[in-house]
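Enquirer: Shown below is the structure under consideration.
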Amino acid sequence: MQDKKIAEVLTTSKTIALVGASDNPARPSYRVMQYLLAQGYRVIPVSPKLAGQMLLGQPVWGSLAEVPEKIDMVDVFRNSEAAWGVAQEAIAAGAKVLWLQLGVINEAAAVLAAEAGLVVIMDRCPKIEIPRLGLEIQ
């Protein structure tokens, strides 16, 4: 994936649904959510286990289908096998981008999402890409 495309995704995406959100501060999903919020993104945590609770000041939804607003990007903190189902949900939710985190690699899910018109970024982390591409706000 070219840096230009990643930078475009990160500068045009405003609302990010974070699938696999955790309330454990030691988990990468928690730290990335915290970082994205600090960078000015609207982050919607998605976790069936935490649905109905608040996480970092944001209401948690049980699934992408329940999120009551437009989603630009779906950031996936689930295992590679689960990415297929999340890709299907992202398509149904009308997301523009499917972002699979570091270590989340599912070629079939990537093809499915790409064929539905989503931009797919796989095996990368926005918390790494934002400063690397010089997009960080202080």
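The values are calculated or read from the model by the stated rules, or taken from the named source; none is laboratory data. Computed from a predicted model, the values in this text were never measured in an experiment. No Cβ is skipped: glycine too gets one built from the backbone with ideal geometry, and neighbour counts run over all protein chains shown. In case anyone asks, the SASA skips ligands and DNA or RNA and just uses the protein heavy atoms, side chains included. Shrake-Rupley method; radii C 1.70, N 1.55, O 1.52, S 1.80 Å.
Enquirer: Scanning for something open to solvent by 40 Å² or more (accessible area, probe 1.4 Å), without any contact (Cβ under 8 Å) to a residue 24 or more places away in the chain and assigned to a loop (DSSP other than H, G, I, E, B), does region 59-67 turn up at least one residue?
Expert: So far as region 59-67 goes, no, none of its residues is open to solvent by 40 Å² or more (accessible area, probe 1.4 Å), without any contact (Cβ under 8 Å) to a residue 24 or more places away in the chain and assigned to a loop (DSSP other than H, G, I, E, B).
Enquirer: Tell me which of these ILE137 doesn't satisfy, since it passes every other one: (1) at pLDDT below 95; (2) open to solvent by less than 50 Å² (accessible area, probe 1.4 Å).
Expert: ILE137 satisfies all of (1) at pLDDT below 95; (2) open to solvent by less than 50 Å² (accessible area, probe 1.4 Å) except (2).
Enquirer: Please verify whether region 21-39 includes one or more residues that are in a strand (DSSP E or B), open to solvent by less than 60 Å² (accessible area, probe 1.4 Å), of a type outside the set (A, V, I, L, M) and touching a strand residue (DSSP E or B) at 6+ places or on another chain (Cβ under 7 Å).
Expert: no
Enquirer: If PRO48 meets every condition in (1) in contact (Cβ under 8 Å) with a residue 24 or more places away in the chain; (2) out of contact with any Asp or Glu (no Cβ under 7 Å at 6 or more places or on another chain); (3) open to solvent by 10 Å² or more (accessible area, probe 1.4 Å); (4) over 23 Å from ARG124 (Cα atoms) apart from one, which number is that one?
Expert: (1)
Enquirer: Would you be able to say whether some residue in region 104-127 is in contact with a helix residue (DSSP H, G or I) (Cβ under 8 Å, 6 or more places away or on another chain), assigned to a strand (DSSP E or B), of a type outside the set (A, V, I, L, M, F, W, C) and open to solvent by less than 10 Å² (accessible area, probe 1.4 Å)?
Expert: Among the residues of region 104-127, not one is in contact with a helix residue (DSSP H, G or I) (Cβ under 8 Å, 6 or more places away or on another chain), assigned to a strand (DSSP E or B), of a type outside the set (A, V, I, L, M, F, W, C) and open to solvent by less than 10 Å² (accessible area, probe 1.4 Å), which makes the answer no.
Enquirer: Does any residue in region 70-82 that is farther than 18 Å from LEU37 by Cβ and in a loop (DSSP other than H, G, I, E, B) come within less than 8 Å, Cβ to Cβ, of a residue that is of a type in the set (A, V, I, L, M, F, W, C) and open to solvent by less than 40 Å² (accessible area, probe 1.4 Å) six or more places away or on a different chain, and which pairs are these?
Expert: ARG78/VAL19; ARG78/VAL86; ARG78/VAL104; ASN79/VAL104
Enquirer: Residue check, ALA93 against (1) open to solvent by less than 30 Å² (accessible area, probe 1.4 Å); (2) more than 16 Å from THR12 (Cβ to Cβ); (3) aliphatic (A, V, I, L, M), all met but one. Which one?
Expert: (1)
Enquirer: Examine region 40-53 for a residue that is farther than 14 Å from SER13 by Cβ and assigned to a helix (DSSP H, G or I), and state whether such a residue exists.
Expert: Taking every residue of region 40-53 in turn, none turns out to be farther than 14 Å from SER13 by Cβ and assigned to a helix (DSSP H, G or I).
Enquirer: Ok, one more. Pull out all pairs, ordered by first then second residue, where Cβ-Cβ is under 7 Å, the residues are six or more apart or on different chains, the first lies in region 126-137 and is charged (D, E, K, R), and the second is part of a loop (DSSP other than H, G, I, E, B).
Expert: The qualifying pairs are GLU136/GLN39.
Enquirer: Quick check on TRP84: is it at pLDDT 95 or above, aromatic (Phe, Trp, Tyr) and out of contact with any strand residue (DSSP E or B) (no Cβ under 8 Å at 6 or more places or on another chain)?
Expert: For TRP84, the condition - at pLDDT 95 or above, aromatic (Phe, Trp, Tyr) and out of contact with any strand residue (DSSP E or B) (no Cβ under 8 Å at 6 or more places or on another chain) - is met.
Enquirer: If you don't mind, another one. It is to be established whether one or more residues within region 9-19 are touching a Gly at 6+ places or on another chain (Cβ under 6 Å) and open to solvent by less than 50 Å² (accessible area, probe 1.4 Å).
Expert: Looking through region 9-19, none of the residues is touching a Gly at 6+ places or on another chain (Cβ under 6 Å) and open to solvent by less than 50 Å² (accessible area, probe 1.4 Å).
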